[in-house]
Amino acid sequence: MDSTSRLRIAIQKSGRLTDHSLDLLARCGLKYSRGKDQLMCYGDNMPLDLLFVRDDDIPDLVQEDVCDLGIVGLNVIEEKRLELAARGIEARFDLLQRLEFGQCRLALAVPQEMPFAGVASLAGRRIATTYPYLLERYLREQAIEAQIVTLSGSVEIAPRLGRADAICDLVATGSTLVANHLREVATVLDSHAALVRTPVELSPEKADELLLAPGSAGAARRLHAHLPERLARALCEHAGVDGSAPAPALPRAARRALVDAATALVLPITGDRGFAYAEVTAGGVPLTEIRLETMASRVMPGLHLCGEICDVDGRIGGYNFQWAWASGYVAGVSVGR
Ligand code: PRT
Ligand code: ZN
């Protein structure tokens with residue numbers, strides 16, 4: 001979104017998330033009037049418009065920058081992320097905030113009478129779902145080979161119709177499963193509604209525009225609109241600029257140095273601590289929560305992760321050091337951009 005346009009937020013037109021989303025926006029103080037076509041609402045007291053769509057379309061609208069923000073279930077977002085990845089496309093939506101509604105889980109369920117002794121019992125079985133990518137990832141992680149039967153709805157009746165042996169579907173209270181003589185046996189994904197946004201990239205032109213915009217705010221505060229505050233202050237220091245002085249008054253050379261620091265800083269490798277400090281850890285932040293091209297967190301915008309805080313395991317020695325250095329380098333370079 002450029003600085004002159006209005007913010008556009010996509011919400012579900014009619015479904016489980018609609019009332020909660022509207023209620024949340026009303027509690028944020030938004031007053032709006034409905035457009036003639038019922039597809040848009042225009043904010044009366046804020047530069048913010050609402051677009052009403054099917055929830056499945058929300059990730060694409062955010063991905064393609066048609067909307068700046070969207071409110072949608074994590075299940076829809078994560079399925080879309082995996083679907084895009086399978087097509088070689090990087091998902092460009094960031095999870096901005098977990099919202100306190102729409103709680104449910106994507107779960108595996110089997111017919112009441114089917115013997116079940118752990119997920120391994122599903123090997124070789126047919127599993128019906130509307131979430132083939134999330135299910136595929138789960139089965140892969142569990143090292144189970146099963147046949148995924150992709151349906152567009154009414155998943156819970158698939159076993160009775162003989163189309164599948166088990167199902168993978170959203171569950172909230174569990175009463176739909178009970179009504180269909182199914183029992184829940186494993187959770188594939190815990191879900192809730194979330195606010196997603198298009199990532200805001202800071203190009204040299206945009207950084208320059210930001211610094212030159214009229215007003216008395218300092219450079220550090222202006223950069224903080226796009227970067228973590230500590231990083232914005234550190235960049236001012238690096239560029240030798242007083243981050244609190246009114247930014248438009250900065251001399252041209254100082255502004256240039258700051259724009260370079262904020263968008264193209266190359267961090268040199270200055271040394272290492274040697275093998276005496278070797279450590280191996282497993283666990284940590286899952287790689288699915290990280291953009292590997294930049295090491296940026298998908299969950300916390302502005303946060304970059306590297307090294308053994310990430311869930312990467314390997315043999316002691318070279319592999320771990322290589323991972324720590326390489327991921328640190330990528331994270332540092334992209335923070336500097
Ligand atoms: O038309 P559109 O495509 O926009 O809507 P939709 O039909 O795809 O979605 P909708 O409105 O059913 O759900 C929107 C979002 O709400 C989902 O993507 C989830 O993030 C969230 N959510 C929360 C749920 C549920 N709870 C839920 N219980 N979505 C679906 N269900 C269904 C479930 O699939 C099953 O059929 O409700 C039934 C089970 O409920 P229980 O309570 O019997 O377990
Ligand atoms: Zn939908």
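The values are calculated or read from the model by the stated rules, or taken from the named source; none is laboratory data. Just so it is clear, the model here is predicted, and its values are computed rather than measured. All Cβ positions, glycine included, derive from the backbone under ideal geometry; neighbour counts span all protein chains shown. The area values use the complete protein model at the heavy-atom level, side chains included, leaving out ligands, DNA and RNA. Shrake-Rupley method; radii C 1.70, N 1.55, O 1.52, S 1.80 Å.
Below is a table of values for the structure above.
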{"item": "DSSP-defined antiparallel bridges as percent of all bridges, the chain, nearest 5", "result": "65 percent"}
{"item": "Helix runs (DSSP H) in the chain reaching 24 Å along axis by Cα, Kyte-Doolittle at least -1.0", "result": "318-336"}
{"item": "³J(HN,Hα) computed for each position of segment 57-69 - Karplus, 6.51 cos²θ - 1.76 cosθ + 1.60, integer Hz, glycine/proline x", "result": "7, 5, x, 5, 4, 6, 4, 8, 6, 6, 10, 7, 9"}
{"item": "Rounded, prolate or oblate (a/c below 1.5 giving rounded, otherwise prolate when a/b exceeds b/c) for segment 180-334 by Cα gyration tensor", "result": "oblate"}
{"item": "Value in Å of the Kirkwood radius, where segment 104-191 supplies the Cα pairs that are averaged", "result": "12.6 Å"}
{"item": "At q = 0.22, 0.23, 0.26 Å⁻¹, base-10 log of I(q)/I(0) for segment 204-264 (Debye sum, equal scatterers on each alpha carbon)", "result": "-0.73, -0.81, -1.08"}
{"item": "Extreme residue, positive dipole direction of the chain, given options H192, S14, Y32 (C-beta unit charges)", "result": "Y32"}
{"item": "Distant-in-sequence amide H partners of R8 (H built 1.01 Å from N, under 5 Å)", "result": "D49, D68, L69"}
{"item": "Measure of compaction for segment 16-98 (Cα Rg per 2.2 N^0.38 Å)", "result": "1.17"}
{"item": "Computed magnitude of the charge dipole of the chain (debye, nearest 20; Cβ of K, R +1, Cβ of D, E -1)", "result": "380 debye"}
{"item": "Nitroxide proxy distance, nm - points 7 Å out along Cα→Cβ at V266 and M300", "result": "3.0 nm"}
{"item": "Segment 81-126: C-alpha gyration tensor shape, a/c 1.5 cut-off, then a/b vs b/c", "result": "oblate"}
{"item": "Only Lys, Arg (+1) and Asp, Glu (-1) charged, at Cβ; segment 3-102 dipole about Cα centre in debye", "result": "300 debye"}
{"item": "Accessible surface, per residue, of segment 204-264 when the full set of protein chains is kept, probe 1.4 Å, Å²", "result": "56 Å²"}
{"item": "Within the accessible area of the chain (1.4 Å probe), percent carbon and sulfur", "result": "53 percent"}
{"item": "Most mobile listed residue (Y131, Y319, Y32) in the chain, GNM with C-alpha springs under 10 Å", "result": "Y319"}
{"item": "Dimensions (Å) - the chain, Cα atoms, principal axes, largest first", "result": "76, 66, 30"}
{"item": "Helical mean residue ellipticity (222 nm; -39500 (n - 2.57) per DSSP H run of 4+; nearest 500) of the chain", "result": "-9000 deg cm²/dmol"}
{"item": "Farthest toward positive dipole pole in the chain [+1 Lys/Arg, -1 Asp/Glu at C-beta], among A158, V259, I77", "result": "V259"}
{"item": "Segment 159-209 - convex hull of alpha carbons, volume per residue in Å³", "result": "145 Å³"}
{"item": "Accessible area (Å², 1.4 Å probe, nearest 10) - F116", "result": "50 Å²"}
{"item": "Whole-number Å³ per residue for the convex hull built on Cα positions in segment 132-183", "result": "91 Å³"}
{"item": "Percent antiparallel among DSSP beta bridges (both partners in segment 1-124, rounded to 5)", "result": "45 percent"}
{"item": "Reachable lysines from K36, criterion Cα separation under 27 angstrom, eight or more residues apart if same chain", "result": "K13"}
{"item": "Accessible area in square angstrom per residue, segment 1-92, 1.4 angstrom probe", "result": "53 Å²"}
